[in-house]
């Protein structure tokens, strides 16, 4: 599956690039969280999406249509009867939109959706809309747990509506519990996923990311310059394409948003990373981490004190993760080769030595090096000897291209 045609590789900068040029309808209902819909609109618009908002009569008690028109440069809709029209606006909008998101979704509006009521612009629009529909409930925790609400949510799920699980915390009423609107990044990414072909659906993808830390004492450690951005982008790209993803990351990698079917595991050392991978079920492994090859042979408790003559540091070799992990029928295993010279030949040797299906080779240091850079310049080395070079591009675009290559690989038929 190729990246959407409206994005050139150079502009493919992150997961929300998927929204560039897409047409989104945002239904805002009458809850306290309605003010957060403006921030959601701003994020979508900055990502390059066209956004049209539909407000219920109760929503305008919290926020006005003018706010959304100012943020988007697009019309906002409120009443079916507010001005004479020669076209039927809610039908025209249903044909225009590629995805519809209700945020916040009140208990009242969820009931309307579940029972097919159509007594205002928002509900008639949704009844006419046949594309991907998402709803982000936000209400008091007791209203959320009420049998009627639970039944309505079950009905909507059965009809294919994507429901974004409410967060737990302090609610507007002062109570603590479930019912807070899902975080904005969760709503934006889930909307992007709804517009992404799900060619990785059914796959369990494990991605490792970042450097590992090998402690010398309680303060100092050995590490490398990897930030883990490449692995994190791979995990999000695989999730957007429908995979169940486990991201196993070193200490420097930012935690991803809390998304369904995306598990995040934090590790510190190379041995920790190996243990986490052994405990993870996957059919596709993308080993994008840069685990430390060596560790201090003896870990010191406390702090090694400064002396006139520096203390000796003896190193031990860490396990080779890709050589240690067994291979199973049905797997695809992808490794990375970060080298400072003779890139392709060293990557070919790694592919054979570690029994890989694909190696992603990139420059480890010097000008244009991958570590710490927002961009990457890679070569893909396949088992049949084919080498494909990608021009330098943002790491999310690189992640997308790597997954394109992974999608062409045949799972192993022998262990």
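Conditions tested, residue by residue: (1) out of contact with any strand residue (DSSP E or B) (no Cβ under 7 Å at 6 or more places or on another chain); (2) surrounded by fewer than 19 Cβ atoms within 10 Å (Cβ to Cβ).
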{"position": "127", "(1), (2)": "yes, yes"}
{"position": "131", "(1), (2)": "no, yes"}
{"position": "137", "(1), (2)": "no, no"}
{"position": "142", "(1), (2)": "yes, yes"}
{"position": "145", "(1), (2)": "yes, yes"}
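What residue, of 324, 280, 284, is within 28 Å of residue 254 (Cα to Cα), modelled with pLDDT of 95 or more, touching a strand residue (DSSP E or B) at 6+ places or on another chain (Cβ under 6 Å) and surrounded by fewer than 20 Cβ atoms within 10 Å (Cβ to Cβ)?
280
If only one of 150, 180 is more than 15 Å from the chain's Cα centre (by Cα) and surrounded by fewer than 20 Cβ atoms within 10 Å (Cβ to Cβ), which one is it?
150
Please count how many residues of the range 185-228 are surrounded by 23 or more Cβ atoms within 10 Å (Cβ to Cβ) and part of a strand (DSSP E or B).
Going through the range 185-228 one residue at a time, the tally reaches 7.
Would you check if there is a residue in the range 94-117 being free of Cβ contacts under 8 Å to residues at least 40 places away in the same chain and either in a loop (DSSP other than H, G, I, E, B) or touching a strand residue (DSSP E or B) at 6+ places or on another chain (Cβ under 7 Å) (or both)?
yes
Residues 13, 72: which one is more than 18 Å from residue 132 (Cβ to Cβ) and modelled with pLDDT of 95 or more?
72
Taking the range 1-10 as the search range and keeping residues that are touching a helix residue (DSSP H, G or I) at 6+ places or on another chain (Cβ under 6 Å) and not in a helix (DSSP H, G or I), which one is modelled with the highest pLDDT?
Only one residue fits best here, namely 3.
The values are calculated or read from the model by the stated rules, or taken from the named source; none is laboratory data. Nothing here was measured: the structure is a model prediction, and the numbers come from that model. All Cβ positions, even for glycine, are placed from backbone atoms using ideal geometry, and neighbour counts span all protein chains on display.
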